[in-house]
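K.L.:
Here you go, one structure.
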Amino acid sequence: MSHLIAPSVLSCDFANIQRDVEMINNSTADWFHVDVMDGVFVPNISFGFPVIKAIKKHANKPLDVHLMIENADQYVEEFAKSGADVLTVHFEASRHLHRTVQLIKSHGMKAGVALNPHTTVDVLKDVIQDLDLVLIMSVNPGFGGQKFISNAINKVKETKALISAKGGNALIEVDGGVNLDTGKELVEAGADVLVAGSFVFGSDSPKDTIAALKAL
């Protein structure tokens, strides 16, 4: 399988969100990456259900929703209704991770778990077989445009080894500081999905930048 590209709409032009959604539709991107922040788990607040529904209305590719929030369980059903295809929660914010993963799946979505830069991969050893996605954060979550933390490359390799050892089939996604250089290293290490926000939307031609990432 060729690696997937998931542009992060957190970096799009919110005054022209339909235009940017249609650009992604017409690009070689595979998913829409949607970051949801609550101002509690991370020191920032992003969009909620109305914006996700608006994106879903125009999107013709899956919505990959990344929850950087506390108490995710109480919102899982609403995210499903809003159009999320993949729903990822943070290990660090989940008190009963296995229960949350099963809840996500019970609403027809694929289930992912994200790890902050300081969290080791082995915390997933007892749940990896239940996951559809592992999201390796290569920056500290909460803001776009941060510098890539290079240890993420080792974590991708460790995650790939864990998935293989446990007989799982989760995809490995990386979010934060992804560009053509870091993206190439990540794909070579075994990453299946690259999330890119400011690198895509800050470029002169977002569509061409997506194509370049896809071609790595």
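Coordinate-derived values only; no laboratory data. The structure displayed is predicted, hence computed values, not measured ones. With ideal geometry, Cβ positions are generated from the backbone for all residues, glycine too; neighbour counts draw on all protein chains shown.
K.L.:
Would you please state which residues of segment 1-45 a label at residue 60 would reach in this model, taking the label point 7 Å out along Cα→Cβ and a backbone N cut-off of under 12 Å?
P.N.:
Residues 22-27 fall inside that zone.
K.L.:
Could you quote the convex hull projected area for the chain, Cα atoms only and averaged over all directions, in nm²?
P.N.:
10.5
K.L.:
Quick check on the exposure proxy: order 22, 173 from fewest to most C-beta atoms within 10 angstrom.
P.N.:
Taking fewest neighbouring Cβ atoms as first place, the list is 22, 173.
K.L.:
Right, here's the next one. Which FRET efficiency, nearest 0.05, do residue 13 and residue 99 yield, Cβ-Cβ r, R0 35 Å?
P.N.:
Efficiency at R0 = 35 Å is approximately 0.40.
K.L.:
Let me ask something else. For segment 164-175, what does the Karplus curve 6.51 cos²θ - 1.76 cosθ + 1.60, with θ = phi - 60°, yield as ³J(HN,Hα) per residue in whole Hz, taken in order and with x for Gly and Pro?
P.N.:
So the J values, rounded to whole Hz, are 5, 5, 9, x, x, 9, 5, 7, 10, 10, 10, 9.
K.L.:
Okay, moving on. Could you give me the ³J(HN,Hα) list for segment 34-40, computed from phi with Karplus coefficients 6.51, -1.76, 1.60 and θ = phi - 60°, whole Hz, x at Gly and Pro?
P.N.:
Along segment 34-40, the couplings run 10, 8, 10, 10, 10, x, 10 Hz.
K.L.:
Further, regarding this structure: Among the listed pairs 57/155; 57/214; 53/166; 57/157; 56/166; 110/184, which have their C-alpha atoms separated by more than 32 angstrom in this model?
P.N.:
57/155; 53/166; 57/157; 56/166
K.L.:
Sticking with this one: Set Lys and Arg Cβ to +1 and Asp and Glu Cβ to -1, take the dipole of the chain about its Cα centre, and tell me which of 174, 87, 205 lies farthest positive.
P.N.:
Most positive-ward Cα: 87.
K.L.:
Also, I was wondering about something else. Where the centre of each part is set by its Cα atoms, how far does segment 170-213 sit from segment 59-115, in angstrom?
P.N.:
Taking the Cα centre of each part, segment 170-213 and segment 59-115 sit 22 Å apart.
K.L.:
Same structure, new question: Mind checking the dipole of segment 4-214: about its Cα centre, +1 per Lys or Arg Cβ, -1 per Asp or Glu Cβ, Debye to the nearest 20?
P.N.:
It comes to approximately 260 debye.
K.L.:
For segment 50-119, which trypsin sites (Lys or Arg not before Pro) are both in a DSSP coil and crowded by at most 14 other Cβ atoms within 10 Å?
P.N.:
95
K.L.:
If we count other beta carbons within 10 Å of each Cβ, what is the order of 132, 181, fewest first?
P.N.:
181, 132
K.L.:
Using θ = phi - 60° and the Karplus relation 6.51 cos²θ - 1.76 cosθ + 1.60, list the HN-Hα couplings for segment 52-63 in order, rounded to whole Hz, with x at every Gly or Pro.
P.N.:
Ordered by residue, 3J(HN,Hα) equals 4, 4, 5, 5, 4, 4, 9, 6, 10, 10, x, 9 Hz.
K.L.:
I'd like the antiparallel share, as a percent to the nearest 5, of DSSP beta bridges with both residues in segment 4-214.
P.N.:
Given both bridge residues lie in segment 4-214, the antiparallel proportion sits at roughly 5 percent.
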